[in-house]
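Derivation of every value follows stated rules applied to the coordinates shown; laboratory data play no part. Since we're looking at a predicted model, the values are computed, not measured. Every residue, glycine as well, gets a Cβ built from its backbone with ideal geometry; the counts of neighbours run over all protein chains shown.
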Amino acid sequence: MVKIQIQLIDGRVMNACLDEESAPITVQNFLKLVDNSFYNGLIFHRVIPGFMIQGGGMDASLCPKETKAIKGEFKANGVNNPIRHKIGTLSMARTNVPDSASSQFFICVEDCDFLDGQYAGFGELLDEESKKVAEDISKVKTVRVGYYDDVPYDPIIIKQIVRL
């Protein structure tokens, strides 16, 4: 297991471990992006209390930052990935196309069993403090901006993601 830390611009952090055995393609892709500082300055652009926080693909002006898509490592896409979507799970966001995940990820703030086998879980938050940060982010004031319904009114900016 590889440990990472998601550092926010406001000083808060979320510590996580990544499961290379269950989602090797996803973890390799995520770490490549981390090592190339891809996530620096991007935001959590979608936050939904009682569900999840999503980020890793847009800057504070909602301009997308694109990267190559990878194979979706989940049961409905023919991959035996046992990771369950429970509080603290890190998983890849995607469109309705199974192999469309690239850089955007989400963190569950509640148990989301309905996502099991449909999305590529690849890690989990390590401690209660990290889960509390994710939960607090999910509860911030949001606004509708164009296509996006759940955009934080004040941007939640990722300073950087680093390996521990």
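Dipole check for region 32-128: with +1 at the C-beta of Lys and Arg, -1 at the C-beta of Asp and Glu, and the Cα centre as origin, the magnitude is about 360 Debye.
Placing unit charges on each Cβ (+1 for Lys and Arg, -1 for Asp and Glu) gives region 2-163 a dipole about its Cα centre, and among Tyr147, Cys63, Phe51 the Cα reaching farthest toward its positive end belongs to Cys63. Under 10 Å, Cα contacts only: if you run a Gaussian network model on the chain, which one of Ile48, Ile83, Ile70 comes out with the highest mean-square fluctuation? Between Ile48, Ile83, Ile70, it is Ile70 that shows the largest mean-square fluctuation. Amide H to amide H, with H built 1.01 Å from N, Lys71 comes under 5 Å of no residue 5 or more places away or on another chain. Mean residue ellipticity, 222 nm, helices only, the chain: the sum of -39500 (n - 2.57) across DSSP H runs of n ≥ 4, divided by residue count and rounded to 500, is -4500 deg cm²/dmol. Convex hull of alpha carbon positions in the chain: directionally averaged projected area 8.3 nm². Here the Karplus curve 6.51 cos²θ - 1.76 cosθ + 1.60, taken at θ = phi - 60°, turns the phi angles of region 9-20 into couplings of 4, 8, x, 6, 9, 10, 9, 9, 10, 10, 9, 5 Hz, with x standing for Gly and Pro. GNM on the chain, alpha-carbon springs under 10 angstrom: the most fluctuating residue among Tyr153, Tyr119, Tyr39 is Tyr153.
How charged is the neighbourhood of Cys17? Take every other residue with its Cβ under 12 Å from the Cβ of Cys17, and add Lys/Arg as +1 and Asp/Glu as -1. Please list the in-between numbers first.
On the way: positive: Lys3, Arg163; negative: Asp19, Glu20, Glu21, Glu124, Asp127.
Here the charged neighbours net out to -3.
Once both labels are positioned 7 Å from their Cα atoms along Cα-to-Cβ, the gap between Val97 and Arg163 label points is 3.0 nm. Across region 1-99, Cα pairs under 8 Å and at least six residues apart give a relative contact order of 19 percent. The HN-Hα couplings worked out from phi for region 115-132 by the Karplus form 6.51 cos²θ - 1.76 cosθ + 1.60 (θ = phi - 60°) are 8, 4, x, 10, 9, 8, x, 9, x, 7, 5, 8, 8, 5, 4, 5, 5, 5 Hz, whole numbers, x standing for Gly and Pro. Close amide H pairs (under 5 Å, H built 1.01 Å from N) link Asn81 with Lys75, residues at least 5 positions away or on another chain.
Computed over neighbours whose Cβ is under 12 Å from that of Ser130, the net charge equals -2, Lys and Arg +1, Asp and Glu -1. When the Gaussian network model of the chain links Cα atoms closer than 10 Å, the mean-square fluctuations of Gly56, Gly121, Gly78 top out at Gly78. Annotation: amide H-H contacts under 5 Å for Gly121 (H modelled 1.01 Å from N, sequence separation of 5 or more, or interchain): Met92. When the scattering of region 55-112 is computed by the Debye formula from its Cα atoms alone, each counted once and equally, what is log10 I(q)/I(0) at q = 0.25, 0.26, 0.27 Å⁻¹? So the normalised log intensities work out to -1.10, -1.13, -1.16.
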